[in-house]
Each structure stands twice: as structure tokens, then as C-alpha cells.
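Student: Right, I'll just put the structure down here and ask away after.
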Amino acid sequence: MKLILSSLCIFILSALCFGQKAIADLKPSHAIALKQFLSKNKEYQFLSSKVIDAEYMKFIRESRGKTFEPYYQVADFNRDKIADFAVILSRKGKRKESGATSEEHKYDYPLAVVIFNGRKNGTYRKAFVEDIEAPLVCFLNVQGTKKKTVCFGVFETDAHTRIFTPVGKGYIGKGYIIEYPDEP
């Protein structure tokens with residue numbers, strides 16, 4: 001019994017330490033929703049956290065926490081008391097030089113932020129998609145304690161910052177608007 005528990009603990013800890021490398025590393029109900037979305041939207045693909053250089057990821061997790069996942073966040077974004085999730089996906093297209101000098105920020109890639117709202121029956125529906133161009137060292141972050149908001153940013157820069165705010169009275173099923181905090 002101890003051997004089984006030890007093996008299970010090692011498996012869970014390794015998954016937490018090494019991040020989401022495949023859709024199967026997401027919560028099962030999230031993986032199902034994402035697979036359904038990807039099957040209908042062929043221009044998008046799962047983006048593994050393995051694309052970020054291991055040393056840079058170590059640096060990121062030193063500031064954000066050991067289990068931080070840059071491309072996947074879970075919280076109640078639309079404030080209906082049901083957990084939602086957001087992912088960063090890659091899109092078909094070519095990278096473009098950004099003009100930045102650091103290797104991590106040198107190219108902007110075709111990416112997308114997709115937000116899925118949870119439903120009472122335990123399923124999820126796509127609530128929002130935004131196509132973006134950004135370096136692979138981008139991330140999603142959840143801000144707020146009572147009113148959680150999902151944000152997009154790029155490590156070590158203020159460029160590309162976006163806040164996705166639920167819209168409509170009661171927020172439920174109304175989608176999201178984008179706010180750009182770095183613009184006047």
C-alpha cells in the first residue's frame with residue numbers, strides 16, 4: 001500500500017513540476033472541451049509549455065510559483081460560481097521578428113487566447129477567442145480575490161497586456177471584452 005501511495009505521489013508531483021505538455025495533462029473535463037474545440041477549429045493547436053526554454057521556465061516559476069502554468073488557468077472568470085478555464089493555443093502561421101533583442105522575445109508567434117465557461121452540468125462551452133501575436137514566453141494569469149479576472153501578458157515586458165472582463169449584467173454567457181491597461 002505504501003508503495004502504491006508513494007508511486008502516486010511521485011506521479012502527481014512530477015506532473016505538477018513539469019507542466020502541461022499535452023492535453024491529457026489538463027483536468028479531464030477541460031481536456032474534453034478543448035479536444036472538441038480543436039476538432040472543429042483546425043487552425044488552432046495545443047501549445048505545450050515545453051516550447052519555453054527549460055532555464056527560462058525555471059526563472060518564471062521562481063517568480064510565479066513552482067506549479068505555475070503559463071498557458072492554462074482555472075478560476076470563476078464570469079462570476080457565476082462555476083469554474084471556467086482559459087488556454088493559450090498556437091495558430092497556423094509563421095513567426096515574425098518583433099525587434100526585441102533578447103532571445104525569448106525575438107519573435108512573435110501566431111497564438112490565441114480561448115476562454116471556456118463552465119456549466120452547471122460539468123461541461124464547458126467556448127465563450128471567447130482572441131487571435132494574438134506574441135512571444136512564446138507569454139502567459140495567462142488570474143487576478144483578484146473575490147472578482148477573479150483572467151489576464152494575458154509577456155514575461156519581463158508590459159507589451160501585449162490584456163485583461164479579459166466578462167460583459168453584461170450577471171455576466172453569465174455574455175462573453176468578454178478586452179481591456180488594455182497599458183493604453184491611456
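The values are calculated or read from the model by the stated rules, or taken from the named source; none is laboratory data. Just so you know, these numbers come straight off a predicted model, no measurement behind them. A quick note on method: Cβ atoms are made from the backbone with ideal geometry, for glycine too, and the neighbour counts reach across all protein chains shown.
Student: Within the group 128, 77, which residue is among the aromatic types (Phe, Trp, Tyr), part of a strand (DSSP E or B) and buried (at least 20 other Cβ atoms within 10 Å of the Cβ)?
Tutor: Working: 77 fails: part of a strand (DSSP E or B).
The conditions single out 128.
Student: Output the residues belonging to the range 109-121 that are over 21 Å from residue 179 (Cβ atoms) and of a type outside the set (Lys, Arg).
Tutor: 109, 110, 118, 121
Student: State which residue is modelled with the lowest pLDDT when the search covers only the range 144-156 and only residues that are crowded, with 17+ Cβ neighbours inside 10 Å and of a type in the set (Val, Ile, Thr).
Tutor: Per the stated criteria, the residue is 149.
Student: Suppose we filter the range 42-74 for residues that are within 13 Å of residue 138 (Cα to Cα), in a loop (DSSP other than H, G, I, E, B) and either without any contact (Cβ under 8 Å) to a residue 60 or more places away in the chain or not β-branched (Val, Ile, Thr) (or both); how many remain?
Tutor: Adding up the residues that qualify gives 7.
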